[in-house]
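Everything below concerns the one structure shown next.
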Amino acid sequence: MKSIPKIFLKSIVLLLVLCILTGCSRQPVSYTATDIAMGTVLNQTVYTTGEDETGNITELVRSLERDTLSWRVSDSEIAGLNASQAGIPMSLSEELWEDLLLLQEVSKQSGGAFDFTLGTLTGLWNIDAQAQSDHEEIRIPTEEEIARALENSGYDKVLLKDGCITLEGGIQLDLGAAGKGIACDRIGDYLKGTNITGAVISVGGSVITYGGKPDGSPWQVGIVNPEDTSRLLGTFSLTGEWYISTSGDYERYIEVDGIRYHHILDPTSGYPAQSNLRSVTVIAKSGALSDALSTACFVLGQEEGMALAAYFNAETVFVDKEGNLYLSEGIKDIFRQTAE
(Lines give C-alpha, C1' and ligand atoms only; values in the text may rest on other atoms or scores of the structure.)
Protein backbone atom coordinates (compact mmCIF):
# COMPACT_ATOMS: atom_id res chain seq x y z
CA MET A 1 0.00 0.00 0.00
CA LYS A 2 1.36 3.37 -1.03
CA SER A 3 1.92 5.96 1.67
CA ILE A 4 0.04 9.24 1.48
CA PRO A 5 2.29 12.00 0.14
CA LYS A 6 3.37 14.50 2.77
CA ILE A 7 1.84 17.36 0.80
CA PHE A 8 -1.61 15.75 1.10
CA LEU A 9 -1.11 15.10 4.83
CA LYS A 10 -0.23 18.75 5.30
CA SER A 11 -3.35 19.76 3.37
CA ILE A 12 -5.55 17.56 5.59
CA VAL A 13 -4.00 18.98 8.75
CA LEU A 14 -4.44 22.52 7.42
CA LEU A 15 -8.09 21.82 6.61
CA LEU A 16 -8.71 20.50 10.13
CA VAL A 17 -7.06 23.57 11.65
CA LEU A 18 -9.19 25.85 9.48
CA CYS A 19 -12.32 23.98 10.51
CA ILE A 20 -11.47 24.48 14.17
CA LEU A 21 -10.66 28.16 13.75
CA THR A 22 -13.63 29.05 11.56
CA GLY A 23 -16.19 26.78 13.18
CA CYS A 24 -16.53 24.33 10.29
CA SER A 25 -19.94 23.11 11.45
CA ARG A 26 -23.46 22.79 10.25
CA GLN A 27 -25.28 25.96 9.38
CA PRO A 28 -28.18 26.67 11.76
CA VAL A 29 -31.44 24.98 10.80
CA SER A 30 -34.77 26.42 11.91
CA TYR A 31 -37.49 24.44 13.68
CA THR A 32 -40.94 25.65 14.66
CA ALA A 33 -43.51 24.09 16.96
CA THR A 34 -46.84 24.97 18.55
CA ASP A 35 -48.07 23.06 21.60
CA ILE A 36 -50.24 23.48 24.67
CA ALA A 37 -48.48 23.73 28.04
CA MET A 38 -49.32 25.39 31.35
CA GLY A 39 -52.87 25.90 30.08
CA THR A 40 -51.72 28.19 27.26
CA VAL A 41 -50.15 28.16 23.81
CA LEU A 42 -46.43 27.44 23.58
CA ASN A 43 -44.91 28.78 20.34
CA GLN A 44 -41.32 28.05 19.40
CA THR A 45 -38.97 29.14 16.63
CA VAL A 46 -35.41 27.92 17.16
CA TYR A 47 -32.22 27.92 15.10
CA THR A 48 -29.76 25.16 15.89
CA THR A 49 -26.68 23.42 14.55
CA GLY A 50 -27.80 20.25 16.29
CA GLU A 51 -30.99 18.25 16.60
CA ASP A 52 -34.53 19.59 16.97
CA GLU A 53 -34.96 20.57 20.63
CA THR A 54 -38.56 21.82 20.50
CA GLY A 55 -39.98 18.60 21.95
CA ASN A 56 -37.57 18.77 24.89
CA ILE A 57 -38.54 22.38 25.55
CA THR A 58 -42.22 21.49 25.53
CA GLU A 59 -41.64 18.69 28.03
CA LEU A 60 -39.54 21.01 30.20
CA VAL A 61 -42.44 23.48 30.49
CA ARG A 62 -44.99 20.75 31.14
CA SER A 63 -42.84 19.11 33.80
CA LEU A 64 -42.27 22.49 35.47
CA GLU A 65 -46.01 22.90 35.85
CA ARG A 66 -46.57 19.28 36.87
CA ASP A 67 -43.69 18.91 39.32
CA THR A 68 -43.28 22.41 40.74
CA LEU A 69 -45.70 25.23 40.02
CA SER A 70 -49.26 23.93 39.80
CA TRP A 71 -51.36 24.11 42.97
CA ARG A 72 -53.86 21.85 41.19
CA VAL A 73 -51.46 18.88 40.88
CA SER A 74 -51.44 17.22 44.29
CA ASP A 75 -47.82 16.06 44.22
CA SER A 76 -46.28 19.27 42.86
CA GLU A 77 -43.94 21.25 45.10
CA ILE A 78 -46.36 24.17 45.46
CA ALA A 79 -49.31 21.88 46.26
CA GLY A 80 -47.18 20.16 48.90
CA LEU A 81 -46.35 23.49 50.51
CA ASN A 82 -50.01 24.51 50.51
CA ALA A 83 -50.88 21.27 52.28
CA SER A 84 -48.09 21.61 54.84
CA GLN A 85 -48.67 22.38 58.50
CA ALA A 86 -48.72 26.09 59.34
CA GLY A 87 -45.68 27.43 61.14
CA ILE A 88 -43.43 24.51 60.17
CA PRO A 89 -40.40 25.34 57.97
CA MET A 90 -40.43 23.40 54.69
CA SER A 91 -37.34 23.00 52.53
CA LEU A 92 -37.47 24.29 48.96
CA SER A 93 -35.78 23.18 45.78
CA GLU A 94 -32.95 25.56 44.87
CA GLU A 95 -34.75 26.96 41.82
CA LEU A 96 -38.06 27.58 43.62
CA TRP A 97 -36.16 29.20 46.50
CA GLU A 98 -34.61 31.70 44.08
CA ASP A 99 -37.97 32.31 42.41
CA LEU A 100 -39.76 33.01 45.69
CA LEU A 101 -37.03 35.35 46.93
CA LEU A 102 -37.47 37.44 43.78
CA LEU A 103 -41.27 37.36 43.94
CA GLN A 104 -41.27 38.40 47.57
CA GLU A 105 -39.04 41.37 46.69
CA VAL A 106 -41.46 42.43 43.93
CA SER A 107 -44.30 42.07 46.44
CA LYS A 108 -42.51 44.29 48.96
CA GLN A 109 -41.48 46.97 46.48
CA SER A 110 -44.97 47.07 44.94
CA GLY A 111 -46.63 47.42 48.33
CA GLY A 112 -48.45 44.15 47.75
CA ALA A 113 -49.80 44.99 44.29
CA PHE A 114 -48.18 41.71 43.31
CA ASP A 115 -48.85 38.91 45.79
CA PHE A 116 -48.04 35.22 45.38
CA THR A 117 -50.28 34.16 48.30
CA LEU A 118 -53.66 34.71 46.64
CA GLY A 119 -54.44 31.03 46.14
CA THR A 120 -57.66 31.14 48.17
CA LEU A 121 -58.84 34.28 46.37
CA THR A 122 -58.02 33.10 42.83
CA GLY A 123 -59.68 29.76 43.58
CA LEU A 124 -62.76 31.60 44.79
CA TRP A 125 -63.09 33.66 41.61
CA ASN A 126 -62.00 30.72 39.40
CA ILE A 127 -62.08 33.03 36.39
CA ASP A 128 -59.96 30.81 34.14
CA ALA A 129 -62.30 27.84 34.52
CA GLN A 130 -65.45 29.95 34.30
CA ALA A 131 -64.22 31.69 31.15
CA GLN A 132 -63.69 28.32 29.47
CA SER A 133 -66.92 26.76 30.72
CA ASP A 134 -69.91 26.16 28.47
CA HIS A 135 -72.31 26.64 31.39
CA GLU A 136 -74.46 29.74 31.16
CA GLU A 137 -74.40 30.49 34.89
CA ILE A 138 -71.38 32.46 36.08
CA ARG A 139 -70.86 32.97 39.78
CA ILE A 140 -69.42 36.18 41.26
CA PRO A 141 -68.11 35.81 44.86
CA THR A 142 -69.89 37.69 47.61
CA GLU A 143 -68.21 40.47 49.57
CA GLU A 144 -68.12 38.24 52.64
CA GLU A 145 -66.39 35.43 50.73
CA ILE A 146 -63.81 37.84 49.34
CA ALA A 147 -63.13 39.29 52.78
CA ARG A 148 -62.53 35.82 54.22
CA ALA A 149 -60.22 34.93 51.33
CA LEU A 150 -58.17 38.09 51.88
CA GLU A 151 -57.71 37.13 55.52
CA ASN A 152 -55.88 34.04 54.25
CA SER A 153 -53.45 35.95 52.04
CA GLY A 154 -50.53 38.32 52.41
CA TYR A 155 -46.92 38.03 51.22
CA ASP A 156 -45.81 39.30 54.64
CA LYS A 157 -47.21 36.08 56.17
CA VAL A 158 -44.49 34.09 54.40
CA LEU A 159 -41.03 33.62 55.92
CA LEU A 160 -38.17 32.66 53.61
CA LYS A 161 -35.01 31.72 55.50
CA ASP A 162 -32.08 29.36 54.96
CA GLY A 163 -33.61 27.67 51.93
CA CYS A 164 -36.90 27.03 53.75
CA ILE A 165 -40.37 28.54 53.68
CA THR A 166 -42.75 28.93 56.61
CA LEU A 167 -46.41 29.77 55.99
CA GLU A 168 -48.92 31.19 58.42
CA GLY A 169 -52.20 29.33 58.81
CA GLY A 170 -54.54 29.49 55.82
CA ILE A 171 -51.97 30.81 53.34
CA GLN A 172 -52.20 29.26 49.88
CA LEU A 173 -49.45 29.98 47.36
CA ASP A 174 -50.39 30.69 43.74
CA LEU A 175 -47.58 31.49 41.30
CA GLY A 176 -49.90 31.87 38.32
CA ALA A 177 -49.12 35.58 37.96
CA ALA A 178 -45.43 34.75 37.43
CA GLY A 179 -45.49 31.14 36.24
CA LYS A 180 -45.16 31.77 32.50
CA GLY A 181 -42.17 34.03 33.15
CA ILE A 182 -40.60 31.40 35.39
CA ALA A 183 -41.02 28.93 32.53
CA CYS A 184 -39.16 31.32 30.22
CA ASP A 185 -36.32 31.49 32.76
CA ARG A 186 -36.08 27.70 32.78
CA ILE A 187 -36.08 27.67 28.99
CA GLY A 188 -33.27 30.22 28.94
CA ASP A 189 -31.18 28.07 31.27
CA TYR A 190 -31.85 25.01 29.10
CA LEU A 191 -30.91 26.74 25.85
CA LYS A 192 -27.44 27.56 27.16
CA GLY A 193 -26.62 23.84 27.26
CA THR A 194 -27.69 23.10 23.68
CA ASN A 195 -26.56 23.78 20.11
CA ILE A 196 -29.32 26.34 19.71
CA THR A 197 -27.88 29.58 18.35
CA GLY A 198 -31.07 31.60 18.46
CA ALA A 199 -34.68 31.29 19.54
CA VAL A 200 -37.87 33.19 20.19
CA ILE A 201 -40.30 31.25 22.38
CA SER A 202 -43.60 32.36 23.88
CA VAL A 203 -45.44 30.78 26.80
CA GLY A 204 -48.78 32.55 26.66
CA GLY A 205 -48.13 36.21 27.35
CA SER A 206 -44.45 35.71 28.25
CA VAL A 207 -41.67 35.59 25.67
CA ILE A 208 -37.95 34.84 25.67
CA THR A 209 -35.59 35.92 22.90
CA TYR A 210 -32.22 34.19 22.84
CA GLY A 211 -29.12 34.46 20.67
CA GLY A 212 -29.65 35.66 17.12
CA LYS A 213 -30.93 34.84 13.67
CA PRO A 214 -28.52 33.50 11.04
CA ASP A 215 -29.01 36.65 8.95
CA GLY A 216 -28.23 38.92 11.91
CA SER A 217 -31.60 40.68 11.89
CA PRO A 218 -33.29 41.43 15.25
CA TRP A 219 -36.14 39.47 16.77
CA GLN A 220 -39.56 41.02 16.25
CA VAL A 221 -41.89 40.65 19.25
CA GLY A 222 -45.38 42.08 18.95
CA ILE A 223 -47.82 43.54 21.49
CA VAL A 224 -51.46 42.64 20.93
CA ASN A 225 -53.91 45.48 20.47
CA PRO A 226 -56.33 45.23 23.45
CA GLU A 227 -59.17 46.65 21.36
CA ASP A 228 -58.68 44.12 18.56
CA THR A 229 -56.63 41.07 19.52
CA SER A 230 -56.30 40.03 15.87
CA ARG A 231 -54.02 43.05 15.34
CA LEU A 232 -50.73 44.21 16.80
CA LEU A 233 -50.36 47.48 18.65
CA GLY A 234 -46.64 47.56 17.89
CA THR A 235 -43.43 45.54 17.79
CA PHE A 236 -40.12 45.42 19.61
CA SER A 237 -36.85 44.88 17.75
CA LEU A 238 -34.59 42.94 20.11
CA THR A 239 -31.20 41.28 19.93
CA GLY A 240 -29.83 38.76 22.39
CA GLU A 241 -31.51 37.43 25.53
CA TRP A 242 -34.56 39.29 26.78
CA TYR A 243 -37.75 38.44 28.64
CA ILE A 244 -41.04 40.11 27.75
CA SER A 245 -44.36 39.71 29.58
CA THR A 246 -47.74 41.28 28.96
CA SER A 247 -50.70 41.43 31.34
CA GLY A 248 -54.06 42.64 30.07
CA ASP A 249 -57.75 42.68 30.89
CA TYR A 250 -58.57 41.13 27.50
CA GLU A 251 -56.77 37.83 28.13
CA ARG A 252 -59.08 35.92 30.46
CA TYR A 253 -62.34 37.31 31.75
CA ILE A 254 -66.03 36.74 32.38
CA GLU A 255 -68.94 39.11 31.83
CA VAL A 256 -72.01 39.51 34.02
CA ASP A 257 -74.69 42.15 33.39
CA GLY A 258 -72.37 43.99 31.03
CA ILE A 259 -69.51 44.14 33.55
CA ARG A 260 -66.19 42.54 32.65
CA TYR A 261 -64.38 40.72 35.44
CA HIS A 262 -60.83 40.01 34.31
CA HIS A 263 -58.29 37.68 35.93
CA ILE A 264 -55.85 40.28 37.33
CA LEU A 265 -56.97 40.61 40.93
CA ASP A 266 -56.13 43.53 43.20
CA PRO A 267 -54.76 42.06 46.47
CA THR A 268 -56.15 45.04 48.38
CA SER A 269 -59.78 44.90 47.26
CA GLY A 270 -60.01 41.26 46.25
CA TYR A 271 -61.71 42.30 43.00
CA PRO A 272 -60.31 42.62 39.47
CA ALA A 273 -57.95 45.60 39.36
CA GLN A 274 -59.42 48.95 38.30
CA SER A 275 -56.49 51.09 37.20
CA ASN A 276 -57.71 52.54 33.88
CA LEU A 277 -55.32 50.24 32.03
CA ARG A 278 -55.92 47.70 29.28
CA SER A 279 -52.43 46.18 29.19
CA VAL A 280 -48.90 46.45 30.51
CA THR A 281 -45.82 45.02 28.82
CA VAL A 282 -42.52 44.69 30.67
CA ILE A 283 -39.08 43.89 29.25
CA ALA A 284 -36.44 42.68 31.69
CA LYS A 285 -33.47 40.34 32.02
CA SER A 286 -35.54 37.79 33.96
CA GLY A 287 -38.77 36.07 33.00
CA ALA A 288 -40.09 35.84 36.56
CA LEU A 289 -39.35 39.54 37.05
CA SER A 290 -41.02 40.65 33.81
CA ASP A 291 -44.12 38.55 34.52
CA ALA A 292 -44.51 39.63 38.15
CA LEU A 293 -43.90 43.28 37.27
CA SER A 294 -46.48 43.26 34.47
CA THR A 295 -49.10 42.18 37.02
CA ALA A 296 -47.97 44.64 39.69
CA CYS A 297 -47.82 47.53 37.22
CA PHE A 298 -51.31 46.74 35.94
CA VAL A 299 -52.68 46.85 39.49
CA LEU A 300 -50.82 50.04 40.40
CA GLY A 301 -51.60 52.02 37.26
CA GLN A 302 -49.36 53.87 34.83
CA GLU A 303 -47.59 56.38 37.07
CA GLU A 304 -46.78 54.15 40.05
CA GLY A 305 -46.23 51.16 37.80
CA MET A 306 -43.63 52.92 35.70
CA ALA A 307 -41.76 53.99 38.85
CA LEU A 308 -41.80 50.40 40.13
CA ALA A 309 -40.44 49.02 36.86
CA ALA A 310 -37.69 51.65 36.83
CA TYR A 311 -36.64 50.52 40.31
CA PHE A 312 -35.98 47.05 38.84
CA ASN A 313 -34.29 48.47 35.70
CA ALA A 314 -37.12 47.15 33.52
CA GLU A 315 -38.70 48.84 30.51
CA THR A 316 -42.45 49.22 30.02
CA VAL A 317 -45.31 49.97 27.64
CA PHE A 318 -48.64 50.93 29.22
CA VAL A 319 -51.93 51.08 27.30
CA ASP A 320 -54.85 52.81 28.99
CA LYS A 321 -58.58 52.48 28.33
CA GLU A 322 -58.53 55.47 25.99
CA GLY A 323 -55.90 53.79 23.83
CA ASN A 324 -53.04 56.05 24.94
CA LEU A 325 -49.54 54.56 25.04
CA TYR A 326 -46.96 55.36 27.70
CA LEU A 327 -43.40 54.21 26.99
CA SER A 328 -40.45 54.19 29.36
CA GLU A 329 -37.49 56.17 28.08
CA GLY A 330 -35.26 53.17 27.37
CA ILE A 331 -37.78 51.46 25.15
CA LYS A 332 -38.47 54.19 22.64
CA ASP A 333 -35.62 53.25 20.30
CA ILE A 334 -36.66 49.59 20.03
CA PHE A 335 -40.46 49.92 19.84
CA ARG A 336 -42.42 50.80 16.74
CA GLN A 337 -46.14 51.41 16.91
CA THR A 338 -48.24 49.80 14.19
CA ALA A 339 -49.66 52.32 11.72
CA GLU A 340 -53.39 52.87 11.94
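The values are calculated or read from the model by the stated rules, or taken from the named source; none is laboratory data. For clarity, every value in this text was computed on a predicted model and none was experimentally measured. Every residue, glycine as well, gets a Cβ built from its backbone with ideal geometry; the counts of neighbours run over all protein chains shown. Side chains are part of the model used for accessible areas, which takes the heavy atoms of the whole protein and leaves out ligands, DNA and RNA. Shrake-Rupley method; radii C 1.70, N 1.55, O 1.52, S 1.80 Å.
With a ≥ b ≥ c taken as the square roots of the eigenvalues of the C-alpha gyration tensor of the range 136-217, please select rounded if a/c is under 1.5 and otherwise prolate if a/b is larger than b/c or oblate if it is not? Write down the numbers at each step before the final one.
Values: a/c = 4.87, a/b = 1.86, b/c = 2.61.
Because a/c hits 1.5 or more and a/b fails to exceed b/c, the range 136-217 counts as oblate.
Angle, helix 94-109 long axis vs. longest principal axis of the chain, Cα atoms, 0 to 90°, nearest 10?
On a 0 to 90 degree scale, this one is about 50.
Enter the angle in degrees (range 0 to 90, nearest 10) between the Cα long axis of helix 302-311 and the first principal axis of the Cα atoms of the chain, meaning the one along which they spread out most.
Once rounded, one gets 50 degrees.
Which net charge results for the neighbourhood of residue 207, defined as the other residues with beta-carbon distances under 11 angstrom from its beta-carbon, given Lys and Arg at +1 and Asp and Glu at -1?
On the way: positive: 180; negative: 291.
Combined, the nearby Lys, Arg, Asp and Glu give 0.
Tabulate in residue order the Karplus-calculated ³J(HN,Hα) for the range 138-146, using 6.51 cos²θ - 1.76 cosθ + 1.60 with θ = phi - 60°, rounded to whole Hz; enter x for Gly and Pro.
10, 9, 9, x, 7, 4, 5, 5, 5
Which net charge results when you count Lys and Arg as +1 and Asp and Glu as -1 among the other residues whose beta-carbon is under 11 Å from that of residue 322? It would help to have the intermediate numbers written out before the result.
Details: positive: 278, 321; negative: 227, 320.
Charge balance near residue 322 sits at 0.
What ranking of 26, 148 comes out by heavy-atom accessible area, probe 1.4 Å, highest first? List each step's numbers first, then the result.
Working: 26 115, 148 135 Å².
Of 26, 148, the descending order of accessible area is 148, 26.
Considering only protein heavy atoms and a probe of 1.4 Å, how much of the accessible area of the chain is carbon and sulfur, as a whole percent?
Details: 8700 of 17220 Å².
That fraction is 51 percent.
Which one of 289, 259, 319 has its Cα pushed farthest toward the positive end of the charge dipole of the range 218-340, where Lys and Arg give +1 and Asp and Glu give -1 at the Cβ?
289
Along each of the three principal axes of the Cα atoms of the chain, give the extent in whole Å, ordering the values from largest to smallest.
94, 54, 42
Tell me the accessible surface of residue 108 in square angstrom (1.4 angstrom probe, heavy atoms of protein chains only), to the nearest ten.
The value for residue 108 is about 110 Å².
Using Cα pairs closer than 8 Å and at least 6 residues apart in sequence, work out the relative contact order for the chain, in percent.
Values: 637 pairs, mean separation 54.5, N = 340.
Once divided by the residue count of the chain, the mean separation gives 16 percent.
Evaluate the charge dipole of the chain about its Cα centre and quote only its size in Debye, nearest 20, assuming +1 on the Cβ of each Lys and Arg and -1 on the Cβ of each Asp and Glu. Write down the numbers at each step before the final one.
Details: 24 positive and 47 negative charges, 400 e Å.
Charge dipole of the chain: 1920 debye, to the nearest 20.
Could you give the accessible area per residue of the chain, probe 1.4 Å, as a whole number in Å²?
Solvent-accessible surface per residue comes out at 51 Å².
Considering the options 169, 82, 182, tell which one lies farthest towards the positive end of the dipole of the chain, charges being +1 on Lys and Arg and -1 on Asp and Glu at the Cβ, about the Cα centre.
With unit charges placed on the Cβ atoms, the residue in question is 182.
Please determine, in degrees from 0 to 90 and to the nearest 10, the orientation of helix 6-22 with respect to the longest principal axis defined by the Cα atoms of the chain, where the helix direction is its Cα long axis.
20
Given a Förster distance of 45 angstrom, what is the FRET efficiency for residue 85 paired with residue 269, based on the Cβ-Cβ distance and rounded to 0.05? Intermediate results must be reported in sequence, preceding the final value.
On the way: r = 30 Å, r/R0 = 0.67.
With R0 = 45 Å, the Cβ-Cβ based efficiency is 0.90.
Evaluate the Kirkwood expression for the hydrodynamic radius of the range 281-340, namely the inverse of the mean inverse distance over all pairs of different C-alpha atoms, and round to one decimal in Å. All intermediate terms of the calculation are to be shown ahead of the outcome.
Values: mean 1/r = 0.0855 Å⁻¹.
Taking every pair of different Cα atoms in the range 281-340, averaging 1/r and inverting gives 11.7 Å.
Between residue 52 and residue 93, what FRET efficiency follows from the Cβ-Cβ distance if R0 is 35 Å, with the result rounded to 0.05?
On the way: r = 29 Å, r/R0 = 0.81.
Approximately 0.75, to the nearest 0.05.
Under a point-charge model restricted to the Cβ atoms of Lys and Arg (+1) and Asp and Glu (-1), what is the dipole moment magnitude of the range 63-195 relative to its Cα centre, in debye to the nearest 20?
Values: 10 positive and 24 negative charges, 47 e Å.
Dipole of the range 63-195, to the nearest 20 debye: 220 debye.
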